1. What is the spin-label model distance, in nm, from Ile97 to Leu275 if the labels are put 7 Å beyond Cα along the C-beta direction?
2. What does the accessible area per residue of the chain come to in Å², with a 1.4 Å probe and no ligands, DNA or RNA counted?
3. With a point put 7 Å past each Cα toward its Cβ, work out how far Trp105 is from Ala78 in nm, to one decimal.
4. Tell me, what HN-Hα J-couplings in whole Hz come from the Karplus equation 6.51 cos²θ - 1.76 cosθ + 1.60 at θ = phi - 60° for each residue of region 220-233, using x for Gly and Pro?
5. Just the number, please: carbon plus sulfur as a percent of the accessible area of region 156-288, 1.4 Å probe, no ligands or DNA/RNA counted.
6. I need the trypsin sites (Lys or Arg not before Pro) found in region 48-109, filtered to DSSP loop residues with at most 13 other beta carbons within 10 Å of theirs.
7. Add -39500 (n - 2.57) for each DSSP H run of 4 or more in the chain, then divide by its residues: what number comes out at 222 nm, to the nearest 500 deg cm²/dmol?
8. Residue by residue through region 180-191, what is 3J(HN,Hα) from phi via Karplus (6.51 cos²θ - 1.76 cosθ + 1.60, θ = phi - 60°)? Round to whole Hz and write x for glycine and proline.
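The values are calculated or read from the model by the stated rules, or taken from the named source; none is laboratory data. Values in this document were obtained by computation on a predicted structure and should not be read as measured data. We place every Cβ from the backbone using ideal geometry, glycine too, and count neighbours over all the protein chains shown. Calculation scope for accessible area: heavy atoms of the full protein, side chains included, ligands and nucleic acids excluded. Shrake-Rupley method; radii C 1.70, N 1.55, O 1.52, S 1.80 Å.
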Amino acid sequence: MFRKIRIFLEMIKIEHTLFALPFAFMGAILGSMVVNHTFPSWLQIMWVLLAMVGARSAAFGLNRIIDQAIDAKNPRTAMRAIPAGLLKNGEVIIFIIISFILLFWASSNLNVLSMQLLPIAVFMLVLYSYTKRFTWLCHVVLGMTIGLAPLGGWVGVTGTMDWTAIVLYVTIVFWTAGFDIIYACQDLEFDQGEGLHSIPSRFGLVKSLQIAKFFHVITAIGFFALLLMTELSWWYGAGMLITYGILLYEHYIVSPNDMSRVQTAFFTMNSVLSLVVFTFTLIDLAVK
């Protein structure tokens, strides 16, 4: 049983929760302070957490089912659970159903708007895995999907959506799309050979890294805009300086001539970035 649990956790890349979960909490806390002028309750945070777990677990399960034939051909992904025979399709489908039930249950315990927007979230969770079959904008679609974490946190505790929430959403969309482009550079030749669509396979390595930089410039502008649009102050500003340094370093360690540190740029740097942004936002709001 424990071995099976470990395989499922590996399948959904549980460590990648560090990308989106801090921003889900940030959306919940910042939204509650902006709209309700108070911190969300622990019960609201719990439902946001469960909704997040359900959504990302369903998304990863769907991706592994939908992409299993592609994963089996790619040397980088051939040892994933389904192509390697460690999990059966039926087991993963049951896992997806349970994950969606968790998402629906958590959303129903938040507010009406969360339930009304749930079909859009489910559509995006399903859509992403198909996009690389027909558009090189798949990275942006992934960003639009992961960006639902902070937006969902905001809506979940406030029952509203305003321009500040939209700016936070767009900021995370381009942050995600930027680092996903860097990650996709590993599969440039494979994607071209299989006729799959991505920014690296469409524009090549040099232009792809330039596009990723441009997307992260938008991210930096978005984080700064939040400082101007809310009551966030110098603690958040200090966190932004660190965040900008992380973004610069992420692009410094990858280049067309040296892609050996893609995993560091993709996972380590972005995990640290999300934790830094959330931590300094929390401190800023807590000391007021």
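1. Placing both labels 7 Å along Cα→Cβ, they lie 3.8 nm apart.
2. On a per-residue basis, 46 Å².
3. 4.0 nm
4. These are the phi-based 3J(HN,Hα) values: 4, 5, x, 4, 5, 4, 4, 4, 7, 8, 10, 8, 4, 9 Hz.
5. 66 percent
6. Arg76, Lys88
7. Result for the chain, helices only: -25000 deg cm²/dmol.
8. 5, 4, 4, 4, 5, 4, 4, 9, 3, 5, 5, 4
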